[in-house]
Structure formats: structure tokens, C-alpha cells
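Let me begin by presenting the structure, written as C-alpha cells, before commenting on it.
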Amino acid sequence: MAFQCQRDCYMQEFVTSVVACSPAELKQEINGKKEIIKGFNVKLQDTILFPEGGGQPDDHGLIGDVPVLRVTRNGAEAVHFVGSVLEVGREVQLKVDWERRFDHMQQHSGQHLITALADSMFGYKTTSWELGRQRSTIELDTPSLKPAQVEALEAAVNEKIRANIPVTVQLLSLDDPALEKVRSRGLPDDPAGPIRIIDIEGVDANMCCGTHVSNLSHLQVIKLLGTEKGKKNKTNLIFLVGFRVLKYVERSYSIERSLVSLLKTGPDDHVDAVDKIQKTVKALQKCNLNLLRDMAVLVAQNFKLNPERGNFFAFHKKEGDNEFMSIIANEIATEETLVFLTVGEEKGPGLFLLAGPSQKVVELGPRVLEMLEGKGAGKNGRFQGKVNSMARRGEVEALLLEHCRSEP
Ligand SMILES: [Zn+2]
């Protein structure tokens, strides 16, 4: 018992008939949001749409012109989830999303090959693998894999690809003595029927329910990107097969070209250039902070030296922070002077600090907050917070000035 997609993994279109169709729901997660789609579960006489299994995701495709959103396995049957009802008994044309499927075949057969050679070359067993959207990983039962080993493994798998080795599928009954020669890496997901063996001639024979290429040359190329620390004492080997390598190179080249024009240097100097920029930015930030502090002191001194100063001081600066305002307030004797300081966009969001005689600050703080659409709190003669809009800053200043004039 096997699906047509397992007998002929290269079949892209297939005529079959609808055996059953019943209302169903599909739970999906789109951009982290859980969604329930109403539709129908369809069973067919046979299918070329692979239901997920053996680490391989399910196929997408069409039944007639109805898109298949999900294919799952229910015992020995494949269940196709579709959005609209299909008539039972009707003959239908199946079409597989070949780009997605062939990508899965390349990654999956590539995994078998890497797994086999990691075992024969180093004795590292594969404990699990994952076919990811961007890149795939093989979990190897070893605490580490040296860069030289990764290099040797990559060279070896690509040599096998160049050797044009056929990949065949054998179906063995459960009592076939030949089964004993097959290395078992976990039982197949195939729930019923004969055992399916994927045989890479002279390299590997492995039980698997997935769809595979018919010759290693169809893998084109394998790139081992590197390793990551895995679960306890295991190592994850990251790999790309076939078209994914081409796509990866295309993306890398496009990023490289953007960096050449941004950094005005060739690719070999990109790391040095970014490192230099980061160091420069850090130094400038430090310098900027010192200048801001010095300026805060000067702003306060300038006010104090003015013989005509009153009992109110207001100051706004676009670039600044809480520390900047705090230094100014500290420098000015706020027991007798009301100080209103703001930093931020002219009409946009920002920060404010109101400091002065306790009584005045307690009384005026909430009004400032209201006029600037802000959030904040105060104690000990200081009221400060974040505001949404500085648009009425001038009005606030006039109000405070008025207040200071009326009760000096
Ligand atoms: Zn497999």
C-alpha cells in the first residue's frame, strides 16, 4: 500500500476520482495568529500529493482548480483539505505544486546522503532532522563537529552527487530477510503495508516514506553552512541542497552589492568597515554625551548670570535627555525659581521636567501634563514625564510665566 507519489515521485499531474468529501476545519497559524478555516476533507482513489511524514512537509497543489491547503495521513489514507465541496465519484485532475515538492525531494534525499556519510566517515548517527522553510538541519549524536570534518563531509557528499548514483525504492514485506541489512534509523511513519526502502546504490539503504530524487545528480549540489550547538551533547548541522543553494547565493550577492555601495569598499573589507563605523559611532556618542552635559551647565550658568532674570526659566532643546534636564535643574536654585524644561520634537513627542518651589510644582504639574498630552508624576519639587505632543509648549510657557508674575 503506497500512494502514487511514492511509486512515482516525478509525476506532476494525475487523474483520479473523489471517494469521500466531508465538512472539516483547518487550524492554521498565519503570522503568529491562529485561524480556523472552514472547508472539506477529501479522500481520493489515489494521490500524488504527499501527506507529511518522515520529516518531510506535505505537498500543496490543486484538485481540478480547487487549491489543496493541507494533506495529512489518516491510517493508510491521505486526507486533502480544500476550501470548496467536491462531488463524490467525480473524476478529477490532480496537480502538485512542483517547485515546493521538488525542493522537498532535494532536501530530503540530501539529508539521507549526508546522514549516511556522517555515519560511515565519522560514526556520527543522525538522531533527528528538520526540513525548514529556509534551511534544514540534521541533529548528529556528537558533542561537536570540527570545521575540517564539515569540510571533508561536504566534499564527500558532493563527490557522490557528481558520481551520478541512482536512487531506487524497494518495497519489502515485513518478513523479508533482506530487511536485516537495512540500517534502521527509527521506524518509518508508513503505518501499513510493506516496508519502503530508499536505496542510494552502494551508499545507503534506509526505511522512509518520503518522496526522493531518482538519481543523486538531481540534488545538483549540497552546501553545509555550519554547525550549531544542539540539545544535550548533540550538534545540529545546517545544510542547503540544490535550488536552495542558488537562491542563497543570489540573496547573498544582492546583499553584498548593497553593502558595496553603502560602505564604498569591496566585499573583503566589509567586516573591517562595519567594525570601524561601530567604533566611531561609540566614540561620537560618548563625545555627544559629554558635550550635552557641558551645555546643560552652561545653559544654567547663563541664566544665573543674567541680572534681569526673574523667577521663571524655560528652555527647549530638540536633542537631549532626562539627564540633560536634570543637570540644568540642579544648577539653578529651584527653591525660588520655577524651571520648565523640554526635550524632543518641536510638535511631536518628548520629555519634560518642571522643577521649583514644591507648592507651585504640585499645583502646576498636572496642568502641564494635560496640555502636553503626557504621562508623569512628581515629588520633592520635581514633576516629570513623557509627552505625546509638544504643540502647546508655548502655551504652557505663557501660563507658567503668568503664574510666576502673579504670585512671585
Ligand atoms: Zn527519509
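Just so it is clear, none of the values below were taken in a lab; they were calculated from the coordinates. Since this is a predicted model, take the numbers as computed values, not measurements. Here the Cβ positions follow ideal geometry from the backbone for every residue, glycine too, while neighbour counts run over all protein chains shown.
Calculate one ³J(HN,Hα) per residue across the range 379-384 by plugging θ = phi - 60° into the Karplus curve 6.51 cos²θ - 1.76 cosθ + 1.60, and present them in order as whole Hz with x for glycine and proline.
In residue order, the calculated couplings are 6, 6, x, 9, 9, 9 Hz.
With axes computed from alpha carbons, what is the tilt in degrees of helix 322-331 against the longest principal axis of the chain, rounded to the nearest 10 within 0 to 90?
So the helix axis and the longest Cα principal axis differ by about 20 degrees.
State, as an integer percentage, the relative contact order of the chain based on alpha-carbon contacts under 8 Å between residues 6 or more apart. Mind dumping the intermediate values first?
Values: 750 pairs, mean separation 41.5, N = 408.
Relative contact order comes out at 10 percent.
May I ask for the angle, rounded to the nearest 10°, between helix 147-162 and the longest principal axis of the chain, with both axes built from Cα atoms and the value confined to 0 to 90°?
Taking Cα atoms only, the helix is inclined about 40 degrees.
Using 0.36 nm times the number of residues separating Asn306 and Asp176, minus their current alpha carbon distance, what extension gain do you get? Write down the numbers at each step before the final one.
Values: separation 130, 0.36 × 130 = 46.80 nm, distance 10.26 nm.
Gain on stretching Asn306 to Asp176: 36.5 nm.
Where the centre of each part is set by its Cα atoms, how far does the range 1-65 sit from the range 206-281, in angstrom?
Cα centroid to Cα centroid, the span is 31 Å.
Where nothing but the Cβ of Lys and Arg (+1) and of Asp and Glu (-1) is charged, how large is the charge dipole of the chain around its Cα centre, in debye to the nearest 20?
Numbers: 51 positive and 55 negative charges, 201 e Å.
The dipole of the chain has a size of about 960 debye.
Return the distance in nm (one decimal) between the two label points of a simple spin-label model at Glu363 and Leu284, each offset 7 Å from Cα along Cα→Cβ.
Roughly 4.7 nm, to one decimal.
Can you work out ³J(HN,Hα) from phi for every residue in the range 309-321, in order, using Karplus 6.51 cos²θ - 1.76 cosθ + 1.60 and θ = phi - 60°, giving whole Hz and x for Gly and Pro?
5, x, 9, 9, 9, 10, 8, 10, 9, 4, 8, x, 8
Of Val368, Gln134, Asn74, which is farthest along the charge dipole of the chain in the positive direction, counting Lys and Arg as +1 and Asp and Glu as -1 at C-beta?
The Cα lying farthest towards the positive end belongs to Val368.
Please identify which residues in the range 18-46 have an amide N closer than 17 Å to a label point set 7 Å out from the Cα of Ser84, following the Cα→Cβ vector.
Residues 18, 21-24, 38-42 fall inside that zone.
Could you pull out the pairs from Lys43/Lys231; Lys38/Lys95; Lys232/Lys282 whose alpha carbons sit more than 32 Å apart here? Before the final figure, lay out each step's value.
On the way: Lys43/Lys231 39 Å; Lys38/Lys95 22 Å; Lys232/Lys282 38 Å.
Beyond 32 Å: Lys43/Lys231; Lys232/Lys282.
If the reach is capped at under 15 angstrom between alpha carbons, list the aspartates and glutamates near Lys247, excluding any in the same chain fewer than eight residues apart.
Glu99, Asp103, Glu256
Within the range 287-406, how many Lys pairs sit with Cα atoms under 19 Å apart, leaving out pairs fewer than 8 places apart on the same chain?
Within the range 287-406, the lysine pair count is 10.
State the answer as a single residue: which of Val150, Asn233, Ile165 lies farthest towards the positive end of the charge dipole of the chain, with beta carbon charges of +1 for Lys and Arg and -1 for Asp and Glu, about the Cα centre.
Asn233
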